[in-house]
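To start, the structure itself, in structure tokens.
The values are calculated or read from the model by the stated rules, or taken from the named source; none is laboratory data. Here the structure is a predicted model, which is why all the values come from computation and not from measurement. Quick reminder, even Gly has a Cβ in these numbers, built from the backbone with ideal geometry, and neighbours come from all protein chains shown.
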Amino acid sequence: MPAGSRRYLRMKVYRAQQFVRPDLQAHIFSGTLLENVRNLRGLCPKSTRFCAVVKANAYGHGISEIVNILKQGAVDAFAVATIYEALHIATLTKKHPILILEPLNPSQSVEAIQVCAREGFHCLLSSADSLHYVCQALAGSKHVLNIHINIETGMGRCGIDHGLAVQLMQAVAECPQLRLAGIMTHFATADEEDLSYAYEQLVIFNRFIAEHRLRERGIVIHACNSAGTIKLPEAHFDMVRCGISMYGYYSRRMANPPVSLKPVMKLMAPITGLKPIPQGHSVSYGRSFVTKRPTLAALVPLGYADGYRRCFSNRAVLKVGEQFAPVIGRVCMDQIIVDVTDVPNVRLGQMVTVLDNVHDSPCSAYALADLADTICYEILTFIHAHVNRIVH
Ligand SMILES: Cc1ncc(COP(=O)(O)O)c(C=O)c1O
């Protein structure tokens, strides 16, 4: 990596590095990850490239760990949200293209744009102002920046309207420091049962590709996230961008999934205290739980500061040995209390499962997402970077 990039990386990325807590253990099963990728690839034509989405610390799984597993030949490219994540991956692999999903924009420094070009990153452009800024930032540079243009087909986020997209393609062609490397779109509802809106998006995207003869121009065309990859084979094009499915989850729980996916991560923590609590005694902040019987309470040292949500208070369960034991009282910043009265042979130091790697477990990411009225993406990405990732 050139000295300029290294300096930038040190300045912007290493400052964010955290200590690691060895007692909070996220077990990452590399065989499961590779099998999920194999199964997803099996849905696509052989020629379709597989871009592994590893933003948000690889959906909470640990970006370094996941990239190190996948870089051995399982995938063709990586996608991230930010330049900082891209730079980190560039220290781990030289041969994979890295796509940055946040569009380039003038809030980024000139140095950041130059780093993207120097590192060969693939970047999104979504406005004429940004294009102007990027061209100026790279004026006279010997490096050429790979540009992907995101076409608005119905997502209503970073895509650009067709007229402007055509102008941007033209402007990219005229700027010697830019190369049009990709044309993409993003589905808003591919995870829903009713795919009619996704098909409308696909029709609009196909029309744009045909009108501008993009398939004949050697540009990488890509549209599918996980749900699209699984449910819209017509939309696989040259590359798919899969995140949640690689980690073992359907974007939304599916009754009869057409592909087998297994969760890659199991989060465990030790019992650090065992405390008998008499009947009628309140537990934790706010006294939201009062024991109905003499209770053996286990302390587990994780809480909302580690990503274990406060709304799990009095609702979630943990797996202790072979049994499920309820969280009692409020989840604290870094402690939870679990009723282990009915669990045989419970002992100090015993590791318990906080997030299970089995879909229908009462403490799976799906079950926790239901409790928090959210999606499994949020449960996973909330798991703090200081949790120790252990690769098997
Ligand atoms: C542009 C884009 N492509 C692909 C993905 C991956 O989505 P999923 O995790 O549903 O596969 C995302 C994730 O948010 C995204 O923003």
>> Can you tell me how many residues within region 38-59 are in contact with a helix residue (DSSP H, G or I) (Cβ under 7 Å, 6 or more places away or on another chain) and within 12 Å of the ligand (Cβ to nearest atom)?
In response: 8
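Kindly check whether there is at least one residue in region 156-164 that is modelled with pLDDT of 95 or more and either within 16 Å of the ligand (Cβ to nearest atom) or surrounded by 14 or more Cβ atoms within 10 Å (Cβ to Cβ) (or both). Full working, then the answer.
In the first step, residues of region 156-164 are kept if they are modelled with pLDDT of 95 or more; the result is none.
Checked against the condition, which is being modelled with pLDDT of 95 or more and either within 16 Å of the ligand (Cβ to nearest atom) or surrounded by 14 or more Cβ atoms within 10 Å (Cβ to Cβ) (or both), region 156-164 yields no hits at all.
Kindly indicate whether Gly4 is away from the ligand (no atom under 14 Å from the Cβ), under 26 Å from Lys231 (Cα atoms) and either modelled with pLDDT under 90 or surrounded by fewer than 17 Cβ atoms within 10 Å (Cβ to Cβ) (or both).
No, not satisfied.
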> Out of region 187-209, which residues are of a type in the set (D, E, K, R) and part of a helix (DSSP H, G or I)?
Replying inline: Glu200, Arg207
> What pairs come up if the first residue lies in region 238-253 and is farther than 20 Å from Arg49 by Cβ and modelled with pLDDT under 95, the second is surrounded by fewer than 23 Cβ atoms within 10 Å (Cβ to Cβ) and among the polar types (S, T, N, Q), and their beta carbons are under 6 Å apart, counting only those six or more places apart or on different chains?
Replying inline: none
> What pairs can you find where one residue is in region 150-178 and closer than 11 Å to Phe208 by Cβ, the other is more than 16 Å from the ligand (Cβ to nearest atom) and assigned to a loop (DSSP other than H, G, I, E, B), and their Cβ atoms are less than 6 Å apart, with a gap of 6+ or different chains?
Replying inline: Glu152/Asp161
> Counting just the residues of region 170-186 that are under 28 Å from the mean Cα position of the chain (by Cα) and outside any strand (DSSP E or B), which one comes out farthest from the ligand (Cβ to nearest atom)?
Replying inline: Thr185
>> Please verify whether Lys55 is within 21 Å of Leu380 (Cβ to Cβ) and either surrounded by fewer than 18 Cβ atoms within 10 Å (Cβ to Cβ) or in the same structural domain as Ser126 (by TED's automatic domain parsing) (or both), treating the condition exactly as stated.
In response: yes
> Which one of the conditions (1) surrounded by fewer than 18 Cβ atoms within 10 Å (Cβ to Cβ); (2) away from the ligand (no atom under 16 Å from the Cβ) does Ala81 fail to meet, given that it meets all the rest?
Replying inline: (2)
> Any idea which of (1) buried (at least 18 other Cβ atoms within 10 Å of the Cβ); (2) touching a residue at least 40 places away in the same chain (Cβ under 8 Å) is the one Ala305 doesn't satisfy?
Replying inline: (1)
>> Please go through region 289-325 and give me each residue that is in a strand (DSSP E or B) and in contact with a Leu (Cβ under 8 Å, 6 or more places away or on another chain), ordered by number.
In response: Leu296, Ala297, Ala298, Leu299, Val300, Phe324, Ala325
>> Suppose we filter region 14-66 for residues that are in contact with a Phe, Trp or Tyr (Cβ under 6 Å, 6 or more places away or on another chain) and free of Cβ contacts under 8 Å to residues at least 12 places away in the same chain; how many remain?
In response: 1
> Of all strands (runs of 3 or more DSSP E) completely enclosed by region 212-288, which ones contain at least 1 residues that are away from the ligand (no atom under 12 Å from the Cβ) and surrounded by 23 or more Cβ atoms within 10 Å (Cβ to Cβ)?
Replying inline: 265-270
> Filtering region 368-392 down to residues that are surrounded by fewer than 20 Cβ atoms within 10 Å (Cβ to Cβ) and assigned to a helix (DSSP H, G or I), which residue is nearest to the ligand (Cβ to nearest atom)?
Replying inline: Tyr377
> Among the numbered criteria (1) charged (D, E, K, R); (2) free of Cβ contacts under 8 Å to residues at least 24 places away in the same chain; (3) buried (at least 21 other Cβ atoms within 10 Å of the Cβ), which single criterion is violated by Arg310?
Replying inline: (3)
